Amino acid sequence: MPKLMKQSVLPVVHQILQRRYDVPLTLLSGQGIMTGERVEFESEGKRVRCVIKVSSGGRISFGKSDGKWSGLDGSDLVVVVAPTSLNGDDHMVCLFDQQTMKVVFDANQSAQERAGMGHLPNWVAPLFHEEGRGPRGVGDGFGDKALWIEPLTAAPTSEPVVGTSAAKPVRALTIAEAKQGLAKTFGVDPDAVEITIRG
């Protein structure tokens, strides 16, 4: 399985957000932040900030400093791209609100502090719970709290995306099916898609 690379996943997440909210995104950057890892867009009449977390192994982290979760406190929403099992192949794209993420990470921090492990970083798995992690696993498996969730299935590059295989046979499509699929990928009306076939 190829490693899930953030730089190839971010454009896919951007496409999903544009399709779901039908708005342009403003890509934000900052110190130590890859351009596009944070975005801003309009939702329900207001500007919202969204941080994107990409995980190959299944867990995500936010650091805590001076009582604030770095990267989380400045975001309204969090997109997580993560597998459904530890180091699994099937990755999902999920959207969470800030409050849900704070509840999860606060619970994880509190459990670690009670166990004398409050100095350790907080790594939580959104889509599964791994047995045997003790206090470090508190908060795992909160995918049911997502505002929406969908499989990571397409990439704007020629490299296969995790969860797909380059060797998989491709099903024959009709022109109408191809237009529907392309329209969904790019967030346009199927009538706006033109297909040219050369022999």
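The values are calculated or read from the model by the stated rules, or taken from the named source; none is laboratory data. None of these values were measured; they are calculated from a predicted model. Heads up, the Cβs are rebuilt from the backbone with ideal geometry, glycines too, and the neighbour counts pull from every protein chain shown. Ligands, DNA and RNA are stripped out before the accessible areas are found, and what is left, the full protein with its side chains, is counted by its heavy atoms. Shrake-Rupley method; radii C 1.70, N 1.55, O 1.52, S 1.80 Å.
List of remarks:
- One residue stands out among those in region 54-68 that are farther than 13 Å from V13 by Cβ and open to solvent by less than 10 Å² (accessible area, probe 1.4 Å): the one that is farthest from the chain's Cα centre (by Cα), which is F62.
- Where R38 falls short, out of the listed (1) under 23 Å from H91 (Cβ atoms); (2) over 12 Å from the mean Cα position of the chain (by Cα); (3) open to solvent by 60 Å² or more (accessible area, probe 1.4 Å): (2)
- L17 being in contact with a strand residue (DSSP E or B) (Cβ under 9 Å, 6 or more places away or on another chain), free of Cβ contacts under 8 Å to residues at least 40 places away in the same chain, among the hydrophobic types (A, V, I, L, M, F, W, C) and farther than 16 Å from S70 by Cα: no
- Any hit, region 23-34, residues being within 12 Å of the chain's Cα centre (by Cα) and open to solvent by less than 60 Å² (accessible area, probe 1.4 Å): no
- Residue that is farthest from A146 (Cα to Cα), among those in region 70-93 that are open to solvent by 10 Å² or more (accessible area, probe 1.4 Å) and either part of a strand (DSSP E or B) or at pLDDT 95 or above (or both): D76
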